[in-house]
Amino acid sequence: MFVRIVKMTFQEEKIEEFLSRFEKNRNKIRNSEGCRFLELYRDKKNPNIFFTYSYWESELYLEQYRNSDLFKSVWANVKPLFDAKPEAWSVDKVYSSEPIFV
């Protein structure tokens, strides 16, 4: 299993449109074969920057998703909303601890 991190910077006036599109598609993405986890984060200092964190069973499943009609449709609709080129990393988790909620 590995983690995929994608950083996306949006035009300020397009943020609500992105959030609406994410809400519409998040369960479909999460239920893609091999996807085990999906979260969306927003930068605290720059609200135009978002990150997706997703866990994939293998790179094969991520590539299957990236070649799917779902990804092509989602990406085609989100790409015009960007204010900067997105960045992506595939990483292996080295350490994890249980969250502590107070």
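The values are calculated or read from the model by the stated rules, or taken from the named source; none is laboratory data. Owing to the predicted nature of the structure, the values given are computational and were not obtained by experimental measurement. FYI the Cβ positions are ideal-geometry reconstructions off the backbone, even for glycines, and counts take in every protein chain you see.
Does the range 68-102 hold any residues that are surrounded by 10 or more Cβ atoms within 10 Å (Cβ to Cβ) and either among the small types (Gly, Ala, Ser) or over 15 Å from the mean Cα position of the chain (by Cα) (or both), and which are they?
Ser68, Ser73, Asp83, Ala84, Ala88, Ser90
Can you tell me how many residues within the range 27-51 are of a type in the set (Lys, Arg), touching a Phe, Trp or Tyr at 6+ places or on another chain (Cβ under 9 Å) and either under 21 Å from Asp83 (Cα atoms) or part of a strand (DSSP E or B) (or both)?
2
Quick check on my filter: what residues within the range 3-39 are surrounded by 13 or more Cβ atoms within 10 Å (Cβ to Cβ), under 13 Å from the mean Cα position of the chain (by Cα) and farther than 20 Å from Glu59 by Cα?
The answer is Met8, Thr9, Phe18, Leu19, Arg21, Phe22, Asn25.
Go through (1) in a loop (DSSP other than H, G, I, E, B); (2) modelled with pLDDT of 95 or more for Arg21 and report which single condition fails.
(1)
Kindly indicate whether Leu40 is over 22 Å from Phe2 (Cβ atoms) and free of Cβ contacts under 8 Å to residues at least 24 places away in the same chain. Break it down stepwise before answering.
Numbers: over 22 Å from Phe2 (Cβ atoms): no; free of Cβ contacts under 8 Å to residues at least 24 places away in the same chain: yes.
No, not satisfied.
All but one of (1) part of a strand (DSSP E or B); (2) in contact (Cβ under 8 Å) with a residue 60 or more places away in the chain hold for Lys14, so report the exception by its number.
(1)
Could you pull out the residue among Ser32, Ser20 that is farther than 12 Å from Val3 by Cα, in contact with a helix residue (DSSP H, G or I) (Cβ under 9 Å, 6 or more places away or on another chain) and without any contact (Cβ under 8 Å) to a residue 40 or more places away in the chain?
Going through Ser32, Ser20 in turn, the sole match is Ser32.
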